[in-house]
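What follows is a set of notes on a single structure, which appears directly below.
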Amino acid sequence: MDYVERILEEVKRKNPGEAEFHQAATEILESLKPVVERRPEYEKVALLERFVEPERVVLFRVPWVDDKGMVHVNKGYRVQFNSAIGPYKGGLRFHPSVNLSIIKFLGLEQILKNSLTGLPIGGGKGGSDFDPKGRSDGEVMRFCQSFMTELYRHIGQDTDVPAGDIGVGSREIGYLFGQYKRICSEHAGVLTGRGLSYGGSLVRTEATGYGLVYMVEEALACRGDSFEGKTVVVSGAGNVAIYAAEKAQSLGANVVAMYDSDGYIYDKRGIDLSVMKKIKEQERARIKEYAVRVPGAEYHAGCKGIWNIPCDIALPCATQNEIDAASAAALVKNGVKIVAEGANMPTTLEGIEVFQRAGVVFLPAKAANAGGVATSALEMAQSGGRLFWTFEQVDAKLKSIMVNIYHNMDEAAREYGLKGDYVAGANIAGFLKIADAMVAQGIV
Ligand code: NDP
Ligand code: 2IT
C-alpha cells in the first residue's frame, strides 16, 4: 500500500465517525500523492502522519443563562492544528451542527488555505454547537463571555488568533474581545474581524466575498472573458454571500438567486442587495421577507432547488456539502462555466468529480475563499505595527493576494502534469510550504 493510502486508512481508523474530517483528508491527501512520490524523505519523518494530527484539541463546557433564567450548557472547541508557519489562525463557528469532525475538517483546510495566502499564519478552527438564531443580544453576549472565560487561556496574539465564521460576526467578535480584555488586561490583536473603533481593519467585512470574486475575475481574464453580463447564483445570505454578490454586481454580473437555510429567492432582474442587507444584516430576519418586499421576486421553500437555476457562474457561500453529484450535474446540464467555493468544502467529492469531468473551471475553497483570512492577517499586521491602512490600500493588497493564489495553484497543477486541476494545484502549493517548515523544525 502506498504512503498516502496507508495514512488515509489510519485517519479513518483513528478518527471513527468523523465523516467531514475523512472527506477533507481524502481530498487533500489524494492530491498529494505525486508530491510524496517526488519527495520520499517526507515519509521517513512521518510528515503526513503529523500533518493530519492536530497539535492540540481543546474541548470545554460553556454554561450560560438565558433571558428567562434557564441554564444551558454547550460544547466549546478549539483545534490548534498546525503552527509550522505562524500562530494558529482560523475562525470560530457557532451553529447547532458543530461537532469535532466539522471543526477538524475546517482546521485541516485552514492550514493549507493560510499557507496559500503567503502570509505567516498557521491553521486552527473552533466554535460551539450554540445556536445564536432567535437569541437576544444579551443572551449572545452572555454566551460569548462564558465561551471566552475558558478560551482566553489558550489564545494570544502570537499563539492563536481566532476570527468569525458561520454565526460569528462583528457582534460576537465584539463581545468575545471585551471579555478577553477584561480577563487579560490586554488590548491585543488576539481576535480579527474587530470593529474599526477597536483595532479592526477596513475591508475585513467584505474580504471573503470580494476576494472570491477577484479570483473568479482573474480566472475569467485568463480566458479572455469577464463578469459583464454573466448570470450568477450565490448560495447563502450571510457575510460571504452578500459581499460576493455585491462585488459580482459591481463588475456587471446579474446575481439572480440567494438562500438561507429555509429556502431560496429567485429574482431574475437581479437581487436588490440594499433590501437583502437590511433583512439579513440589520433585522436578522428570514430570506422569505425579500419576496414580500420586492415585487417579482419568487421565494421557494428548501435549498436544493437553487442549483436548478441556469447560470454561468455558481458561488456556493453557505456551508459544507451544499452541492452533491446531482446538484453538480444539474448545474453542468444548464451550462455552468465556473464554480468557485466561498464556503468551506461546499461541494462533495462526487460533485467535484462531476465538475472536473465536464471541464468546468472549479476553484476550491482553500484558494477561493482565502481572502477573508488573508485580510485577517493584514489586520494583524496593522495592529502589530500600530497602523491603519485606507480601504483602497487593503483592497489592493487583497486583490493582489487572490491573483497570486490563482497563479500559484495554476502553476503547481501544471508542474505536476495536472493542468486545470485547481484542487490538486491548491493542495500542492499550500502543502509544499508547510512541509518545508515542518522538516526544518525537526520532529515536533
Ligand atoms: P454567516 O453566518 O454570515 O452566513 C451563513 C449563511 O449560510 C446564512 O445565510 C445561513 O443561513 C446559511 N447556512 C448555514 N448553514 C446552512 C445550512 N446547513 N443549509 C443552508 N444554509 C445554511 O456565515 P459566513 O458567511 O461567514 O460563512 C459562510 C461560509 O463561508 C462558511 O462555510 C464559512 O466557513 C465560509 N467562510 C467564511 C469566512 C468569513 O470570513 N466569514 C472566510 C472563509 C470561508 P441561516 O441564517 O438560515 O442559517
Ligand atoms: O474559513 C475561514 O477562512 C474563516 N472563517 C476566516 C478565518 C480568519 O481567521 O479570518
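To the nearest 0.05, what FRET efficiency results for Val444 and Arg182 with a Förster distance of 30 Å applied to their C-beta separation?
0.35
Sorted from fewest to most neighbouring beta carbons within 10 Å, what does the list Thr159, Thr348 look like?
By the 10 Å Cβ count, ascending: Thr159, Thr348.
Report the net charge of residues surrounding Cys303, where surrounding means a beta-carbon distance below 10 angstrom and charges are Lys +1, Arg +1, Asp -1, Glu -1.
Local charge sum for Cys303: -2.
Where both partners of a DSSP beta bridge lie in the chain, what percent of those bridges are antiparallel, to the nearest 5?
If we restrict to bridges inside the chain, about 55 percent are antiparallel.
Counting only DSSP beta bridges with both residues in the range 82-201, what percent are antiparallel, rounded to the nearest 5?
So the antiparallel bridges amount to about 30 percent of the total.
What FRET efficiency comes out for Asp137 versus Asn404 if R0 is 56 angstrom and r is the Cβ-Cβ distance? Round to the nearest 0.05.
Approximately 0.90, to the nearest 0.05.
Add +1 for every Lys or Arg and -1 for every Asp or Glu among the other residues with Cβ under 12 Å from the Cβ of Leu47, and state the total.
-2
Given the -39500 (n - 2.57) contribution per DSSP H run of 4+ residues, what per-residue ellipticity at 222 nm results for the chain, rounded to the nearest 500 deg cm²/dmol?
Calculated at 222 nm, the ellipticity per residue is -14500 deg cm²/dmol.
On full extension of the chain, what length is gained from Arg6 through Ala325, given 0.36 nm per residue of separation minus the C-alpha to C-alpha distance?
Additional length available on full extension: 112.1 nm.
For the pair Glu353 and Arg13, how long in nm is the line joining their label points, each one 7 Å along Cα→Cβ?
2.5
In the range 70-203, what is the volume of the convex hull around the alpha carbon atoms, normalised per residue and reported in Å³?
Spread over its residues, the Cα hull of the range 70-203 gives 106 Å³ apiece.
Compute the semi-axes of the equivalent ellipsoid of the range 22-83, taking the square root of 5 times each eigenvalue of the Cα gyration tensor, and list them largest first in whole Å.
Semi-axes from the Cα gyration tensor: 41, 13, 6 Å.
How compact and how long is the range 46-147, expressed as Rg and Dmax of its alpha-carbon atoms in Å?
According to the Cα coordinates of the range 46-147, Rg and Dmax are 15.5, 53 Å.
If you stretched the chain out fully between Arg269 and Asn308, how much longer would it get, using 0.36 nm times the residue separation minus the C-alpha to C-alpha distance?
12.3 nm
Can you run phi through the Karplus equation (6.51, -1.76, 1.60; θ = phi - 60°) for the range 296-310 and list ³J(HN,Hα) in whole Hz, with x for Gly and Pro?
Listing the rounded values in order: x, 7, 9, 10, 10, 5, x, 9, 3, x, 4, 7, 8, 6, x Hz.
At most 14 other Cβ atoms within 10 Å and a DSSP loop assignment: could you name the trypsin sites (Lys or Arg not before Pro) in the range 1-85 that fit?
Loop-located and lightly packed - Lys68.
Once you list every other residue whose beta carbon is under 13 Å from the beta carbon of Val403, what net charge do they have if Lys and Arg are +1 and Asp and Glu are -1?
Cβ neighbours under 13 Å give a net charge of -3.
So what are the ³J(HN,Hα) numbers for the range 339-347, from phi and the Karplus equation (6.51, -1.76, 1.60; θ = phi - 60°), rounded to whole Hz, Gly and Pro as x?
10, 10, 8, x, 6, 8, 6, x, 10
Please express the Cα-Cα pair-distance distribution P(r) of the chain as a list of whole percents, one per 20 Å bin, running from 0 to the bin with the greatest distance.
Binned Cα distances yield the sequence 27, 60, 13, 0.
Whole angstrom only: what separates the Cα centroid of the range 81-153 from the Cα centroid of the range 405-439?
When both Cα centres are located, 25 Å separates them.
I need the trypsin sites (Lys or Arg not before Pro) found in the range 221-259, filtered to DSSP loop residues with at most 15 other beta carbons within 10 Å of theirs.
Answer by residue number: Arg223.
Can you give me the long-range amide H partners of Gly124? Hydrogens built in the peptide plane at 1.01 Å from N, cutoff under 5 Å, separation of 5 or more residues or another chain.
The answer is Phe81, Lys89, Gly90.
Once phi is turned into ³J(HN,Hα) by the Karplus curve 6.51 cos²θ - 1.76 cosθ + 1.60 with θ = phi - 60°, what whole-Hz value does each residue of the range 109-115 show in order, with x for glycine and proline?
For the range 109-115, the Karplus curve yields 4, 4, 4, 6, 4, 5, 4 Hz.
Quote the convex hull volume per residue of the range 268-424, based on C-alpha atoms, as a whole number of Å³.
Spread over its residues, the Cα hull of the range 268-424 gives 146 Å³ apiece.
For Lys304, list the lysines whose Cα falls under 16 Å from its own Cα; do not include residues on the same chain fewer than 8 positions away.
Lys288, Lys333
Set the Förster distance to 35 Å, then compute FRET efficiency between Arg50 and Ala381 from the Cβ-Cβ distance, nearest 0.05.
0.80
Which value, in debye to the nearest 20, describes the size of the charge dipole of the chain about its Cα centre when Lys and Arg Cβ atoms bear +1, Asp and Glu Cβ atoms bear -1, and nothing else is charged?
So the magnitude is around 720 debye.
Over all alpha-carbon pairs in the range 352-431, figure out the percentage whose distance exceeds 14 Å.
66
Length gain on complete extension for the stretch Ser250 to Leu59, per 0.36 nm per residue less the alpha carbon to alpha carbon distance?
64.5 nm
Computed from the coordinates by the stated procedures, all read-outs in this text should not be read as laboratory data. In this text the structure is predicted, and so the values were computed from the model without any measurement. Positions of Cβ are backbone-derived with ideal geometry, glycine not excepted, and every protein chain shown enters the neighbour counts.
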